[in-house]
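The values are calculated or read from the model by the stated rules, or taken from the named source; none is laboratory data. Since we're looking at a predicted model, the values are computed, not measured. Here the Cβ is made from the backbone with ideal geometry for all residues, glycine too, and neighbour counts use every protein chain on show. Calculation scope for accessible area: heavy atoms of the full protein, side chains included, ligands and nucleic acids excluded. Shrake-Rupley method; radii C 1.70, N 1.55, O 1.52, S 1.80 Å.
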Amino acid sequence: MPTSTETTILRGGEWLLQPTEAGAVFTPERLTDEHRMIAQTAQAFVDAEVLPKLDQLEQKDWALARELVKRGGELGLLGVDVPEAYGGVGLDKVASLVVSEKMARSASFGATFGAHANLTIVPLMLFGSEAQKQKYLPKLLSGELIGAYGLSETGSGSDALGARTKATRQADGSFVLDGEKMWITNGGFADLFVIFAKVDGDQFTALLVERSWGVKSGKEEHKMGLHGSSTTALIFQDVKVPAENVLSEVGKGHKVAFNVLNFARFKLGAMCSGGAHGAIAESAKYAATRRQFGQPIASFGAIKHKIGEMVVRTYAIESLLYRTAGLVDARIEATPHEATDGSAALAAFEEYNVEASIAKVAGSEVLDYVLDENIQIHGGNGYVRDYPAERHYRDARVNRIFEGTNEINRLLIPGMLIRRAVKGELPLIPAAKALQDELLGPPSMASTDDGVLSDERRAIEAFRKTTLLVFGLAMQTYGQKLTDEQEVLMHLADITIDLFSAESATLRAIAASEQKSPRAALHQDAARVFVNDAAMRIEASARQALGAMVDGDTLRTMLAALRRVMKVTPINTVAARRRLADATVERGGYVFA
Ligand SMILES: Cc1cc2nc3c(=O)[nH]c(=O)nc-3n(C[C@H](O)[C@H](O)[C@H](O)COP(=O)(O)OP(=O)(O)OC[C@H]3O[C@@H](n4cnc5c(N)ncnc54)[C@H](O)[C@@H]3O)c2cc1C
């Protein structure tokens, strides 16, 4: 049985061009005992120590937030990504994913934890000098110091490189920092900040800045949700930063910012998947006990549809997350490096940056869907504070905004793939040309494969060809100007996300069958429903994109090509969703956990 480090190492985005064997994909069913142990530790910590104190955290008791971070440190949860040499526990990225999933059970504390562990400890680990790591990592890992990440400003959110905070170089090599950051998580009480500023006017640079050097916090923002996490502005007036506190190099701040975001987006996807697990359990329990018209609402088809669909979408996002973590781990493992050297992890996350953006977009949108349906299943009780459903709903909304908005990530997905194609790193252009040639010829014989999920595997081949068809036409039609065609890029992103999600779900279900999982039939239901619905979404997006790019005879030819490629027969999704919903209600929670 493959572990996370034995998977076949597909390069980033290569799934766009070629199928993968189910046995080569890492899935939640392949977690090792070590993964399960850290998952249990994280879950027990959140259940016993964080969730009972949520109201206190929402009263902005930051002393408590600090205590909880410290406690997370004692349990080893802060140091999953840090080698033992620096006081961490040095586990793989699957473990890191599992911890993020469990932390999501409290979204507010999850944000505090994420800003500290993912946005402060990780950049220090990946880009810090030996002296910086020795100085700050142990205290961050024990929770003695709390970290925060200051990139955004009033005038520069998505356009992060447009920051106006400036670091003026002094004769002794130190810097004087002036400016203001906005919406900084942990801003009210953090001690150490990763701050991005312009040195000498235009050199975007990351600096490690201690609060005691004169950093001031603005007032707590009045937010829609995440009331138990601190969000403030940070104000710098003549804050002196020593020369040795440049993180990486002067002028290389963009490398720090973008690479940290690759990592953080993947973990945000994991938090979303964990949040969805919790909400599915709430819905399942409520639907089993709430009676209307003399029966539990779980017996109504409309409610079964909702629970079934919540499970299907969560299954897909979870499948792509674990698959990506397996790829990242395999790449790190295959790269010769010292245990203390973060460069292999850095390169791996750069390699899988498209997958990280997909995890962020798909994860945050699946979670919002699940949380919205959770409220609906709770009826009026979903809208009042006696139940947690409304809190989850408010807390989750920001996931589509921070760590790069979903629009920015949707632009990045096709943008990064095309950049690789143009550089010759991903043979997307020859593949699109080969497809055009194939479509000019006579139809090939349909595959006679009748193995597990063979229709779904054929459907995924159709999705792959459709994606190539639209990518090919977009590159041909607009060339370098494609970046100006955001609506087409959004459709391309949606198609690509559905392809990766559908394939990941199908491969996981096949693997469950090969492993003779007792839940193999439910795995297949989840994958089949996802693929069925993805076919409709992909076709609709492809038609919209084609219609925007060409017209007349060319459009008719392209639509004929699309019809030839996308031959997916609908399945009985009602029966499959009912089975998934019934199993979920019977279990009182997410059926694949
Ligand atoms: C609770 C919370 C916590 C946060 N924590 C942190 C933190 O710890 N550290 C930190 O640095 N930041 C943090 N942020 C800031 C967050 O990262 C930004 O809000 C986010 O990046 C979006 O920037 P913006 O708000 O300026 O929106 P804008 O960039 O102004 O975007 C507004 C809208 O325009 C769209 N848009 C912008 N540019 C484009 C484009 N080129 N093409 C198409 N559409 C575009 C966006 O997608 C969005 O829909 C936090 C925000 C919140 C709300």
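Structure notes:
- Scanning the range 474-504 for residues that are open to solvent by 40 Å² or more (accessible area, probe 1.4 Å) and in contact with a Gly (Cβ under 9 Å, 6 or more places away or on another chain) turns up just one, 483.
- Residues satisfying the stated conditions in the range 153-165, i.e. part of a helix (DSSP H, G or I) and either open to solvent by 80 Å² or more (accessible area, probe 1.4 Å) or near the ligand (Cβ under 10 Å from one of its atoms) (or both): 160, 162
- Checking each residue in the range 166-204 for being in a loop (DSSP other than H, G, I, E, B) and within 16 Å of the ligand (Cβ to nearest atom) picks out 186, 187, 188, 189, 190, 191.
- Test: residue 452 is more than 16 Å from the ligand (Cβ to nearest atom) and not polar (S, T, N, Q): yes
- Which listed residue is under 30 Å from residue 297 (Cα atoms) and either more than 16 Å from the ligand (Cβ to nearest atom) or open to solvent by less than 40 Å² (accessible area, probe 1.4 Å) (or both), from 420, 385, 410, 391: 385
- Scan of the range 179-197 for residues that are charged (D, E, K, R) and either over 16 Å from residue 245 (Cβ atoms) or open to solvent by less than 10 Å² (accessible area, probe 1.4 Å) (or both), ordered by number: 180, 181
- Which numbered condition residue 250 fails, given (1) out of contact with any Asp or Glu (no Cβ under 6 Å at 6 or more places or on another chain); (2) under 18 Å from residue 108 (Cα atoms): (2)
- Total residues in the range 132-148, condition farther than 15 Å from residue 194 by Cα, open to solvent by less than 60 Å² (accessible area, probe 1.4 Å) and assigned to a helix (DSSP H, G or I): 2
- Any hit, the range 283-303, residues being at pLDDT below 95, of a type in the set (Phe, Trp, Tyr) and assigned to a helix (DSSP H, G or I): no
- With respect to the conditions (1) in contact (Cβ under 8 Å) with a residue 12 or more places away in the chain; (2) out of contact with any His (no Cβ under 9 Å at 6 or more places or on another chain), residue 336 lacks only one, and its number is (1).
- So residue 111, is it among the small types (Gly, Ala, Ser), part of a helix (DSSP H, G or I) and away from the ligand (no atom under 14 Å from the Cβ): no
- Neighbours by Cβ (under 9 Å, 6+ apart or cross-chain): first from the range 76-97, farther than 13 Å from residue 140 by Cα and in contact (Cβ under 8 Å) with a residue 60 or more places away in the chain; second open to solvent by 30 Å² or more (accessible area, probe 1.4 Å) and outside any loop (DSSP other than H, G, I, E, B): 90/84; 92/34; 92/333; 95/34
- Within the range 541-593, being open to solvent by 40 Å² or more (accessible area, probe 1.4 Å), closer than 25 Å to residue 277 by Cα and in a helix (DSSP H, G or I) holds for 574, 578, 579, 582, 586, 587.
- Selection of first residues in the range 221-247 that are open to solvent by less than 10 Å² (accessible area, probe 1.4 Å) and of second residues that are among the aromatic types (Phe, Trp, Tyr), restricted to Cβ pairs under 7 Å at least 6 apart or on distinct chains, gives the following pairs, ordered by first then second residue: 228/109; 230/62; 230/189; 234/193; 239/213; 241/175; 241/213; 247/127.
- Applying a threshold of 9 Å to beta carbon distances and a minimum spacing of six or more residues, or different chains, the list of pairs starting in the range 478-492 at a residue that is touching a residue at least 40 places away in the same chain (Cβ under 8 Å) and ending at one that is within 14 Å of the ligand (Cβ to nearest atom) and small (Gly, Ala, Ser) reads 482/415; 483/415; 489/415.
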